[in-house]
Each structure stands twice: as C-alpha cells, then as structure tokens.
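Student: Please find one structure pasted underneath; my questions will follow.
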Amino acid sequence: MQVSDPSSSKLDVELSQSALLEVLSQALLEEIFNRLENASAIASASCVCRSFKEAGRRVRSARLICLNKYHEDARAGSGLHDAKAEASTSNAVAAQGAPEGQQQQAMSIGDDEGSSSGDEYSFLVFRDVVVDFVREKPHLQQLRIEIESRLQSKTVPVPERRRTDFWLSDPFHLMRWVPSVQATLQHLCIVDYGQQAIMRRTSILKILSQNCKVLKTLDLRNMFIDSSEVEDMPRMTSFTLRCVKVIGDTLQHINARMRNLTTLALLGVFGVTHGNLDFPSMKVLCLGLSTIAKDVSIDIPSLVKLQLKIMCPEKLTINAASLKFMAFNLEVKDAAKVEMKNLHNLQEVLYGASSFATLWSLVATNQMLSKLFLDIPCMALGEDGKWLGVLKNIPLALPTFKNLLLCQKLAVLNIGPGLWHAMEVNLEELSTVQNWPPFNRLIIHMIPQNLDACLAILQLLLKPTLNSLEMYIHINSPVSYEAIVSQVTDIVSYFGQGLVFRPQLWKKSLNFSCFSF
C-alpha cells in the first residue's frame with residue numbers, strides 16, 4: 001500500500017491554483033485590452049511586459065485614426081527620401097513588439113492632436129502602420145480605421161494631395177492586410193479621406209466578399225465604390241454607406257449578394273440609377289440617394305422602419321405591410337410616380353416636404369397614427385448651426401390641418417421650424433382652423449420671426465387635453481429666447497399645473513427622441 005506524500009499533494013494544489021490564476025489573469029488582461037480599442041493605447045500597454053504583449057496580440061477590437069498633423073507634417077517634409085520613410089515605419093510599429101523592459105515610445109496612431117510622437121516621419125507611412133498593426137492581431141473581430149474630421153474638412157490644394165497618400169480603400173493597400181483577418185473579422189468601419197478617395201474607384205466590396213466570409217456589419221464612408229464584382233456575403237446583417245459615390249447598379253448588387261441584411265443605410269449616396277429591393281428579412285431601411293434614379297422599388301413585407309431622404313426617383317414603389325415607422329423627406333415632382341401599397345399599420349410618421357399630398361394619402365389609410373412630425377424644408381442653417389435665412393422658391397402653403405382629425409389616436413404632434421414659419425406667415429388662414437386632434441404632447445421647433453404671431457398661434461394650439469408643451473427656440477432667432485419664454489409662461493399659467501412647459505434652446509439638430517428612429 002502506497003502512502004501519498006502530503007507535501008507533493010500540496011505542491012500539486014499550489015501549481016493548479018497558480019495555473020488557474022495565470023489563466024484568469026490573462027483573460028482579465030485581454031478583456032482590459034479589448035476595452036482600450038485605441039491603437040495607440042494598445043501599442044503602449046503592449047510594451048509593459050510579456051503578458052501585456054500577448055494580451056495586445058490577442059486583442060479583438062481596435063481603432064486606428066489618421067490625424068490632421070500627419071498631413072501637415074507631410075506638407076513640410078515632402079522632400080524626404082523613401083529610405084527615411086521606411087525607417088519611420090519600423091520605428092512606428094516597433095512599440096507593439098518591443099521586448100519586455102525595452103524603452104521605446106509607442107506609435108502615435110489615435111493620440112490626441114496635442115500629443116507628440118516618437119517618430120518624426122510616421123506621417124509618411126500611415127497606411128504601412130495600419131498594415132503592420134493589423135497583421136500582428138490575428139484575433140481581430142472589430143476594426144475601425146478612419147481619417148479624423150479635421151483633416152476631412154479642410155481644403156487641400158490639388159498639388160499637395162499627392163505628397164502623402166491616405167487612400168484607405170486603395171485595393172492594393174487592402175490586400176496587404178485584409179487576408180490576415182479573413183477568418184475572424186466580423187465588424188468593419190472605414191472612414192476614408194474623401195478628397196483623395198471620392199475620385200478613385202475602389203473594389204473594396206469584391207475584396208471583402210472574397211476574403212472575409214464571417215463579416216457581419218460593414219460601414220464605409222467617403223469612397224467611390226465599384227460593386228460590380230462583389231460576391232455573396234451571406235453573413236452580412238448590417239450595411240452602411242455614407243457620403244459615397246457608386247455605380248448605377250449598386251442597389252441591384254447589394255440586393256443580390258447580401259440577402260440576409262436586416263439593416264441597410266444609404267446616406268448621401270451618389271450614382272444610383274435604379275434598384276429593386278426585396279430582402280426577405282430586412283427590418284430597417286434608410287434610403288438617402290443624392291442623385292435622381294429612374295426606378296426604385298421597395299418590396300419588403302418584413303420592413304418595420306423606413307427612412308426616405310432622397311431626390312425623388314421618376315418612379316418610386318413601396319410595398320411594406322409590416323411598416324410601423326416612416327420618415328418621408330422628399331419633394332415629389334409633378335412628373336414623378338409614387339405608389340404606396342399595403343401601408344396600413346403606421347404608428348409614427350416624420351414628414352418633411354412642401355407638398356402634403358402624400359401625407360394625406362398616408363393619413364387616410366393609417367388613422368391609428370400616434371406620433372407625427374411635420375415640417376417644410378425652407379430654413380437654411382450653416383454647418384455650425386447658424387441660421388442663414390429662409391430659402392427662396394419653396395412654397396409655404398399650409399397643410400390642410402382638418403385632415404388630422406382622422407387621427408383620433410394622435411398623442412404627439414411635433415412641428416418643425418419651417419412649418420412654424422409658414423404658420424407665422426399664414427396666420428390669418430391658420431386662425432380659421434377650429435378643431436385639432438386630441439394630442440396631449442406638443443413639440444415645437446422654431447426660429448421665431450414675429451412675437452405676436454407666435455403667441456397667437458400658441459393660443460390656437462393649446463387645448464385642455466394638452467399636458468406637455470416642449471418649445472425649442474433657435475439660438476439665432478430674431479425673437480429672443482427670453483422674450484418669447486416669458487410671454488408663453490404667462491399663457492401656460494392659465495392652464496394650471498396640468499400643463500408642463502419645457503423651453504430650451506437649439507442650434508444644429510432637432511429633437512426626435514420621442515420617435516422610434
């Protein structure tokens with residue numbers, strides 16, 4: 001009979017606990033590294049010790065940012081030799097693989113603009129740094145590569161655009177790093193440098209469809225995309241294009257090759273000529289086409305949310321029996337044909353146009369509407385939100401408000417600044433409206449021009465059924481915030497504590513938080 005050595009058993013237990021602790025510590029480190037996301041932070045932390053280096057190598061999520069300073073440095077140092085540029089590449093990526101204890105500075109990708117980089121010439125090889133970083137991360141599932149907004153927005157003289165190349169969707173550049181993550185990459189966002197990329201055609205969809213078979217979500221911005229050779233992407237569930245130029249058949253290619261999409265968002269897309277969309281499982285569709293297409297058909301019975309912000313096609317057909325939430329922002333031309341089929345379950349509508357004929361056809365078949373936003377797109381705002389005035393040649397005719405009486409379940413009425421201006425201009429006509437739906441929440445976005453007209457309109461709209469009045473006054477309004485709020489506060493006081501008045505300032509964007517978009 002063998003008697004076990006107590007000291008040996010104790011040693012085994014201690015070894016097991018040590019191994020368990022090491023596993024737990026490594027898992028915790030990896031979780032911390034995944035929360036860092038910023039490539040600069042990941043590279044810096046990877047230099048601490050061997051276990052940190054391994055955790056950095058196994059990171060699953062990363063974000064790389066090209067800073068404006070890289071272009072500024074390139075302008076100043078455009079005459080440097082390629083040998084120096086290659087040396088800078090080695091310095092920039094060395095921080096990721098530095099031996100434990102070695103004193104090196106991490107690369108500066110994603111650093112704040114005021115921070116300094118240890119690499120004088122890293123601006124010349126941003127794309128190379130991207131390649132080297134991604135190649136060393138075999139477990140990447142989520143990746144975002146972008147040009148920062150400050151570099152995007154500034155005007156760069158044509159001769160200087162070639163001094164350094166930030167074209168992130170360059171097919172040759174993509175083929176240097178995409179294959180290294182083809183087995184793991186599930187979520188990808190690339191925000192390209194518009195001034196270089198929008199004039200150069202990229203086959204990025206072909207490359208991703210051939211290599212990244214597990215890709216689920218894709219967000220591409222500021223590019224000129226050739227979709228003609230895209231292959232099947234059955235795992236894709238969400239696809240976004242923003243500020244992108246495409247070829248005429250792109251909608252057809254997306255519809256044919258990404259059949260399992262549940263969300264498709266096209267925002268500021270140029271070049272589409274036609275498209276028939278009939279995805280079997282799509283829930284959300286945002287169609288923002290900035291050029292006039294000939295024929296667009298949407299036949300998606302499963303669709304729940306639809307946002308249309310487009311130049312009106314010559315022919316537009318919508319068939320969506322399950323649609324509940326709709327944003328309609330387009331001017332229907334006299335020669336255009338817009339046909340809507342099986343739209344009987346709408347609960348919320350955001351409507352922005354100078355013609356209300358389409359709205360009334362929707363109201364007639366959707367009398368259970370609970371939330372409605374109405375606006376006329378006649379107010380011009382600058383990029384900084386400053387009010388620039390009223391746009392000319394936009395009709396300011398009021399909608400036939402009595403048609404809203406069909407919506408007896410309407411609980412929220414949201415009035416946009418353009419419609420409010422039209423109400424001020426047409427106050428006499430508005431005063432003839434005797435009855436309003438029994439909504440209990442009134443939201444108004446305004447750029448008030450005439451205080452007396454504003455107060456008269458409010459007295460028409462305020463009813464005993466109302467329990468919430470939210471008023472957003474533009475910061476650059478001709479009528480001051482203080483002047484209108486003090487007067488409205490007096491009016492609201494007559495309704496007692498049952499009516500809550502919430503005044504606020506606004507500048508750039510409207511508040512749609514009460515809607516499901």
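Student: Restricting to the range 379-399, name every residue that is under 15 Å from residue 352 (Cα atoms) and either under 24 Å from the mean Cα position of the chain (by Cα) or among the β-branched types (Val, Ile, Thr) (or both).
Tutor: Once the filter is applied, which keeps residues that are under 15 Å from residue 352 (Cα atoms) and either under 24 Å from the mean Cα position of the chain (by Cα) or among the β-branched types (Val, Ile, Thr) (or both), the range 379-399 yields 379, 380, 394.
Student: Within the range 248-260, restricting attention to residues that are in a loop (DSSP other than H, G, I, E, B) and open to solvent by 30 Å² or more (accessible area, probe 1.4 Å), which residue is nearest to residue 215 (Cα to Cα)?
Tutor: 260
Student: Which members of the range 400-414 meet the condition of being free of Cβ contacts under 8 Å to residues at least 60 places away in the same chain and in a strand (DSSP E or B)?
Tutor: Of everything in the range 400-414, just one residue is free of Cβ contacts under 8 Å to residues at least 60 places away in the same chain and in a strand (DSSP E or B), namely 413.
Student: Another one. Could you list, in sequence order, all residues of the range 22-75 that are more than 19 Å from residue 143 (Cα to Cα), out of contact with any helix residue (DSSP H, G or I) (no Cβ under 6 Å at 6 or more places or on another chain) and part of a loop (DSSP other than H, G, I, E, B)?
Tutor: Once the filter is applied, which keeps residues that are more than 19 Å from residue 143 (Cα to Cα), out of contact with any helix residue (DSSP H, G or I) (no Cβ under 6 Å at 6 or more places or on another chain) and part of a loop (DSSP other than H, G, I, E, B), the range 22-75 yields 48, 49.
Student: Determine, yes or no, whether residue 397 is open to solvent by 10 Å² or more (accessible area, probe 1.4 Å), in a loop (DSSP other than H, G, I, E, B), small (Gly, Ala, Ser) and over 26 Å from residue 324 (Cβ atoms).
Tutor: In short, yes.
Student: Could you please find all residues in the range 339-374 being within 26 Å of the chain's Cα centre (by Cα), open to solvent by 10 Å² or more (accessible area, probe 1.4 Å) and of a type in the set (A, V, I, L, M, F, W, C)?
Tutor: Matches in the range 339-374: 350, 373.
Student: For the range 144-235, list the helices (runs of 4 or more DSSP H) that sit wholly inside it and hold at least 1 residues that are among the basic types (Lys, Arg), modelled with pLDDT under 95 and under 19 Å from the mean Cα position of the chain (by Cα); which are they?
Tutor: 149-153
Student: Select, from 331, 383, the only residue that is acidic (Asp, Glu), within 20 Å of residue 419 (Cα to Cα) and surrounded by fewer than 20 Cβ atoms within 10 Å (Cβ to Cβ).
Tutor: So the residue among 331, 383 that is acidic (Asp, Glu), within 20 Å of residue 419 (Cα to Cα) and surrounded by fewer than 20 Cβ atoms within 10 Å (Cβ to Cβ) is 331.
Student: Run residue 244 past the list (1) of a type outside the set (D, E, K, R); (2) within 19 Å of the chain's Cα centre (by Cα); (3) surrounded by fewer than 17 Cβ atoms within 10 Å (Cβ to Cβ) and report the number of the one that doesn't hold.
Tutor: (3) is the only condition that residue 244 fails.
Student: Separate question: Spot the failing condition for residue 270; the list is (1) within 22 Å of the chain's Cα centre (by Cα); (2) more than 18 Å from residue 314 (Cα to Cα); (3) surrounded by fewer than 17 Cβ atoms within 10 Å (Cβ to Cβ), and only one is missed.
Tutor: Looking at each condition in turn, residue 270 falls short on (2).
Student: While we're here: For residue 136, all conditions in the list (1) modelled with pLDDT of 70 or more; (2) farther than 22 Å from residue 214 by Cβ; (3) acidic (Asp, Glu) hold save one; what is the number of the exception?
Tutor: (2)
Student: While we're here: Can you run down the residue pairs with Cβ atoms below 7 Å, 6 or more apart or on separate chains, where the first is in the range 369-395 and free of Cβ contacts under 8 Å to residues at least 40 places away in the same chain and the partner is in a loop (DSSP other than H, G, I, E, B)?
Tutor: Between residues of the range 369-395 that are free of Cβ contacts under 8 Å to residues at least 40 places away in the same chain and residues that are in a loop (DSSP other than H, G, I, E, B), the close pairs are 380/391; 388/382; 390/378; 391/378.
Student: Next question. Select from the range 465-517 the residues that are farther than 30 Å from residue 307 by Cβ and touching a helix residue (DSSP H, G or I) at 6+ places or on another chain (Cβ under 8 Å) and write down the one among them that is most open to solvent (accessible area, probe 1.4 Å).
Tutor: Taking the candidates together, the pick is 487.
Yes or no, residue by residue, for (1) among the small types (Gly, Ala, Ser); (2) touching a residue at least 24 places away in the same chain (Cβ under 8 Å); (3) over 17 Å from residue 145 (Cα atoms); (4) touching a His at 6+ places or on another chain (Cβ under 7 Å):
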{"residue": "191", "(1), (2), (3), (4)": "no, yes, no, no"}
{"residue": "198", "(1), (2), (3), (4)": "no, yes, no, no"}
{"residue": "201", "(1), (2), (3), (4)": "no, yes, yes, no"}
{"residue": "209", "(1), (2), (3), (4)": "yes, yes, yes, no"}
{"residue": "215", "(1), (2), (3), (4)": "no, yes, no, no"}
{"residue": "218", "(1), (2), (3), (4)": "no, yes, no, no"}
{"residue": "238", "(1), (2), (3), (4)": "yes, yes, yes, no"}
{"residue": "266", "(1), (2), (3), (4)": "no, yes, yes, no"}
{"residue": "273", "(1), (2), (3), (4)": "no, yes, yes, no"}
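Student: Further question on the same structure: Can you tell me which residues in the range 329-360 are more than 22 Å from residue 516 (Cα to Cα) and out of contact with any Ser or Thr (no Cβ under 8 Å at 6 or more places or on another chain)?
Tutor: 333, 334, 335, 336, 337, 354, 355, 357 - these are the residues of the range 329-360 that are more than 22 Å from residue 516 (Cα to Cα) and out of contact with any Ser or Thr (no Cβ under 8 Å at 6 or more places or on another chain).
Student: Which of the residues belonging to the range 263-297 are hydroxyl-bearing (Ser, Thr, Tyr) and assigned to a strand (DSSP E or B)?
Tutor: Selection gives 263, 297.
Student: So is residue 292 at pLDDT below 95, open to solvent by 30 Å² or more (accessible area, probe 1.4 Å) and within 30 Å of residue 195 (Cβ to Cβ) or not?
Tutor: So residue 292 fits the description; yes.
Student: Follow-up question, since we're still on this one. What's the total number of residues in the range 274-293 that are over 20 Å from residue 236 (Cβ atoms), out of contact with any Lys or Arg (no Cβ under 7 Å at 6 or more places or on another chain) and not hydrophobic (A, V, I, L, M, F, W, C)?
Tutor: 2
The values are calculated or read from the model by the stated rules, or taken from the named source; none is laboratory data. Small disclaimer: the values here were computed from a predicted structure and weren't measured. Ideal geometry is used to build each Cβ from the backbone, glycine not excepted, and the neighbour counts take in all protein chains shown. Note: accessible area is taken over every heavy atom of the protein model, side chains too, but ligands, DNA and RNA are not part of it. Shrake-Rupley method; radii C 1.70, N 1.55, O 1.52, S 1.80 Å.
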